[in-house]
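Written below as structure tokens is the structure these notes are about.
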Amino acid sequence: KTGKQLASFLGLLSFFRSSIPCYSRLTRDLDSLKCYKDLSDVWTKSHDEAVSNLKAALCMAPVISSVRFDVRLQVATDASLSGIGGLLYQVIDNEIRYLGMVSRKLSVAERNYSTTKRELLAIVYTFKKFHRWLYMRRFTLHVDHKSLIYLNVQDTPNSMMLNWYELIFAYEFDVVHIPGILNCIP
């Protein structure tokens, strides 16, 4: 196996990333190996597991549905110490219909953000990715960070967050808090 072959494999899977929940988390251990010519010296059992997990995730990926404009959109976001992600879905006849999933790993600088700032970054990232469906439509945002319920009354501590607030408040949404332990992407 070579880094080039691994990069090709990851590139193929990247095409389906919007259907694979937690894609960036699943590829995290493999991304750093793409630059190696020969992987035999650095390849471990955990890399085999990561490849197996990616294949399984692709096989079990939920079906992505088309948007129904007569049904309210739902957005769920979350952030961890290593990545952020979001989900766009609708609930139709008590059944969840997935419309898209996004995720990415955090940069070294972003890993130093406070929890609130990482959660805001997840919201901004998700809103940007799903802009065409969310803009000019009222939707529900599901978050597990309680202080985000009060987004509209919080002070903006710096210019970067002010830019984020401007982007966030260009959308019309209601915020619903989900306790962290229950925040399992639907």
Per the list (1) within 18 Å of the chain's Cα centre (by Cα); (2) farther than 28 Å from THR126 by Cβ; (3) among the polar types (S, T, N, Q), residue check on SER18 breaks on (2)
Would it be correct to say that LYS105 is under 12 Å from the mean Cα position of the chain (by Cα), surrounded by fewer than 19 Cβ atoms within 10 Å (Cβ to Cβ) and either farther than 19 Å from ASP174 by Cα or assigned by TED's automatic domain parsing to the domain that holds ASP174 (or both)?
yes
Every residue in the range 108-144 that is among the aliphatic types (A, V, I, L, M), surrounded by fewer than 18 Cβ atoms within 10 Å (Cβ to Cβ) and touching a helix residue (DSSP H, G or I) at 6+ places or on another chain (Cβ under 8 Å), please.
none
Of all residues in the range 126-141, which are without any contact (Cβ under 8 Å) to a residue 40 or more places away in the chain and of a type in the set (A, V, I, L, M, F, W, C)?
MET136
Go through the residues of the range 6-27 one by one and say whether even a single one is buried (at least 17 other Cβ atoms within 10 Å of the Cβ), of a type outside the set (Asp, Glu) and at positive phi.
yes
Subset of the range 21-54 [closer than 30 Å to TYR89 by Cα, of a type in the set (Lys, Arg) and in a loop (DSSP other than H, G, I, E, B)]
none
Suppose we filter the range 25-51 for residues that are of a type outside the set (D, E, K, R) and touching a Leu at 6+ places or on another chain (Cβ under 9 Å); how many remain?
11
So which pairs qualify, if the first residue must be in the range 164-175 and within 11 Å of TYR135 (Cα to Cα) and without any contact (Cβ under 8 Å) to a residue 60 or more places away in the chain, the second must be aromatic (Phe, Trp, Tyr) and surrounded by 14 or more Cβ atoms within 10 Å (Cβ to Cβ), the Cβ gap must be under 8 Å, and the two must be at least 6 apart or on different chains?
LEU167/PHE127; ILE168/PHE127; TYR171/PHE127; TYR171/PHE139; GLU172/PHE139
Answer yes or no as to whether VAL75 is of a type in the set (A, V, I, L, M, F, W, C), free of Cβ contacts under 8 Å to residues at least 12 places away in the same chain and either assigned by TED's automatic domain parsing to the domain that holds HIS145 or buried (at least 17 other Cβ atoms within 10 Å of the Cβ) (or both).
no
Only residues that are exposed (fewer than 15 other Cβ atoms within 10 Å of the Cβ) and of a type outside the set (D, E, K, R): list them for the range 38-61, please.
SER40, VAL42, THR44, SER46, SER52, ALA56, CYS59, MET60
Flagged in the range 79-123 as more than 20 Å from ARG138 (Cα to Cα) and in a loop (DSSP other than H, G, I, E, B), in numbering order, are SER80, LEU81, SER82, LEU106, SER107, VAL108, ALA109, TYR113, SER114
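The values are calculated or read from the model by the stated rules, or taken from the named source; none is laboratory data. These numbers come from a predicted model, not from an experiment. Please note: Cβ atoms are built from the backbone with ideal geometry, for glycine as well, and neighbour counts cover all protein chains shown.
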